[in-house]
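Asker: I have a structure I would like to understand better, so I am pasting it below and will then ask my questions one at a time.
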Amino acid sequence: LAQAIFVIFRDSSGSCSRPAFAKNMPDFKLAVDKNNKATELALLRVCGTVQQNPHMRAFWASTISFFLAFLGWFALAPLALEVATSMGTCENQLYPPEDNPKRVAYLKYKSLKTGKAYCQYGKNDDTNPTDCNPVPQDILASGTADEKMQYRPGVLADCVCTPGTECKDIIANAGVAAVASTIFVRIALGTLLERFGPVNVQSGLMTFGAFWVAMAAAITAPWNYTLIRFFIGCAGATFVTNQFWCSLMFSPNVVGTANATAAGWGNLGGGVTQIFMISVLFNPMVSSGMPANTAWRVAMIVPAVLFLICAATMKLLCWDTPTAKRFDVSVTGKTQKPSLWDYVVVLKDI
């Protein structure tokens, strides 16, 4: 891996001058083959007009759009407890511990921050507890007020959302919905890409995703939380465009590296969102005095705006292929227009 990265950056000169071996080729910033596909992946060579450098524009557009799509797709995950609190689905909101001290979620609870358990002296069964162990007699006789407490509701998190609770089920089901939607969209995208081209499809997905990411700020109940996560999941299909677009722009000798790099850096968005949504957006907003219920909603607007900026940039500055603004299916050797019915035809071979 280290050697591959070294080779990529060694050949990624930021110079806008054309390489010596490309002097007799069409006026591209990158060396190309007979089909005008780039034979090198020069990551830093991003200058030139769209006619001169369609390859790297497509590479970075597909990578950045995929990165942002994953950032928005998983943006609600690190904010899940705040969202659950706003919806009123936390275990300690539905069942106040003062009135329901023997809820299983409480009996099994142990704070990760302090290491303190809700049951101060342990529970009567480690697997299926029904109550906390009583306070020892010697503690009742001479202990402090805190030591005489059988239950410690003070150690519970602001939102108890542990396995087995309604809150946890809502979040898990919404996560399934977010993944399920992208499966169907990815299947349909094969036909859509050949019919409308990668620029239109990727811009459309980002615009569609922007609407639903922004709508997340209006979540009020489990049903619309799940529905919104379902539609946001459609943005996960940007992976298909990412791979399709790079394959149109790079020749066989380098397309594997281009696809792997674009996909890998794009997937990174799913991890960055864990830091971005909390440490960069939510926590500073709360620290500045904004209520948590408002802060997470405002935070969701940020990736939505980034989606729209990315979509507009791709639409205005990128081409589908090295020599054409819009993709024509004939370049792949096909003689008829693509259709979703093609999938049915393929299934006949099973």
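The values are calculated or read from the model by the stated rules, or taken from the named source; none is laboratory data. These numbers were taken from a predicted model, which means no experiment stands behind them. Quick reminder, even Gly has a Cβ in these numbers, built from the backbone with ideal geometry, and neighbours come from all protein chains shown. With ligands, DNA and RNA removed, areas are computed over all heavy atoms of the protein, side chains included. Shrake-Rupley method; radii C 1.70, N 1.55, O 1.52, S 1.80 Å.
Asker: Of the conditions (1) buried (at least 23 other Cβ atoms within 10 Å of the Cβ); (2) under 17 Å from the mean Cα position of the chain (by Cα); (3) part of a helix (DSSP H, G or I), His55 clears all except one; give me its number.
Answerer: Exception for His55: condition (2).
Asker: For region 96-115, name all the residues that are of a type in the set (Gly, Ala, Ser) and part of a loop (DSSP other than H, G, I, E, B).
Answerer: Ser111, Gly115
Asker: So Phe66 ticks every box in (1) under 16 Å from Gly164 (Cα atoms); (2) touching a Gly at 6+ places or on another chain (Cβ under 9 Å) but one. Which box is left unticked?
Answerer: (1)
Asker: Within region 116-138, how many residues are open to solvent by 40 Å² or more (accessible area, probe 1.4 Å) and of a type outside the set (Ser, Thr, Tyr)?
Answerer: 12
Asker: Okay, moving on. Does Val160 meet the test of being open to solvent by less than 20 Å² (accessible area, probe 1.4 Å), outside any helix (DSSP H, G or I) and either among the acidic types (Asp, Glu) or in contact (Cβ under 8 Å) with a residue 60 or more places away in the chain (or both)?
Answerer: Taking the combined requirement at face value, the residue satisfies it.
Asker: Pick out the one residue from Trp265, Trp296 that is under 18 Å from Pro78 (Cα atoms), in a helix (DSSP H, G or I) and aromatic (Phe, Trp, Tyr).
Answerer: Trp296
Asker: Which of (1) farther than 30 Å from Leu79 by Cα; (2) touching a residue at least 60 places away in the same chain (Cβ under 8 Å); (3) under 25 Å from the mean Cα position of the chain (by Cα) is the odd one out, the single condition Arg195 does not satisfy?
Answerer: With (1) farther than 30 Å from Leu79 by Cα; (2) touching a residue at least 60 places away in the same chain (Cβ under 8 Å); (3) under 25 Å from the mean Cα position of the chain (by Cα) applied to Arg195, the lone miss is (3).
Asker: Oh, and also: Under 9 Å by Cβ, and 6 or more places apart or on different chains, what pairs join a residue from region 169-188 that is in contact (Cβ under 8 Å) with a residue 12 or more places away in the chain with one that is hydrophobic (A, V, I, L, M, F, W, C) and exposed (fewer than 13 other Cβ atoms within 10 Å of the Cβ)?
Answerer: Cβ pairs passing all conditions: Ile187/Leu340; Ala188/Leu340.
Asker: For Lys315, state whether it is open to solvent by 70 Å² or more (accessible area, probe 1.4 Å), modelled with pLDDT of 95 or more and either of a type in the set (D, E, K, R) or touching a Pro at 6+ places or on another chain (Cβ under 9 Å) (or both).
Answerer: The answer is yes for Lys315.
Asker: Here is a further query. Please verify whether Met277 is surrounded by 18 or more Cβ atoms within 10 Å (Cβ to Cβ), in contact with a helix residue (DSSP H, G or I) (Cβ under 7 Å, 6 or more places away or on another chain), part of a helix (DSSP H, G or I) and at pLDDT 95 or above, treating the condition exactly as stated.
Answerer: So Met277 fits the description; yes.
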